[in-house]
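A.B. asks: One structure is given below, represented as structure tokens, and several questions about it will come after.
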């Protein structure tokens, strides 16, 4: 499930912020350090994630270093999706 959301998030990032993932920008690139997203863009990204995946983030989540890379964002989304949380509870 993480791979599907990763591709959706990747598509959102590339179409909204007009950059491409490839040799210079990878799933592990810090999007803020690379100057690809600023604080306004981060708000737009969070709104997209919360609306698209019906999830919410705590203040600690938003301050987490995980939220700076595509890989980290995809993991955070996967951890918060209802189906993922429910599947983790099944013995």
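A.B. asks: I'd like to check something: does the range 63-70 contain any residue that is closer than 16 Å to residue 9 by Cα, in a helix (DSSP H, G or I) and modelled with pLDDT under 95?
C.D. replies: Checked against the condition, which is being closer than 16 Å to residue 9 by Cα, in a helix (DSSP H, G or I) and modelled with pLDDT under 95, the range 63-70 yields no hits at all.
A.B. asks: Please indicate, with yes or no, whether at least one residue in the range 71-83 is exposed (fewer than 15 other Cβ atoms within 10 Å of the Cβ), part of a helix (DSSP H, G or I), over 12 Å from the mean Cα position of the chain (by Cα) and at pLDDT below 95.
C.D. replies: Restricting attention to the range 71-83, the residues satisfying the condition of being exposed (fewer than 15 other Cβ atoms within 10 Å of the Cβ) are 79, 82-83.
Filter once more, so that each one left must be part of a helix (DSSP H, G or I): 79, 82-83.
Now restrict to residues that are over 12 Å from the mean Cα position of the chain (by Cα): 82-83.
Retained after the next criterion (residues that are at pLDDT below 95): 82-83.
Yes: the range 71-83 contains one or more residues that are exposed (fewer than 15 other Cβ atoms within 10 Å of the Cβ), part of a helix (DSSP H, G or I), over 12 Å from the mean Cα position of the chain (by Cα) and at pLDDT below 95.
A.B. asks: Is there any pair linking a residue in the range 36-51 that is at positive phi and in a helix (DSSP H, G or I) to one that is modelled with pLDDT of 95 or more and exposed (fewer than 12 other Cβ atoms within 10 Å of the Cβ), with Cβ under 9 Å and at least six apart or on different chains, and which?
C.D. replies: none
The values are calculated or read from the model by the stated rules, or taken from the named source; none is laboratory data. Computed from a prediction, not measured in an experiment: that's the story for all the values here. Quick reminder, even Gly has a Cβ in these numbers, built from the backbone with ideal geometry, and neighbours come from all protein chains shown.
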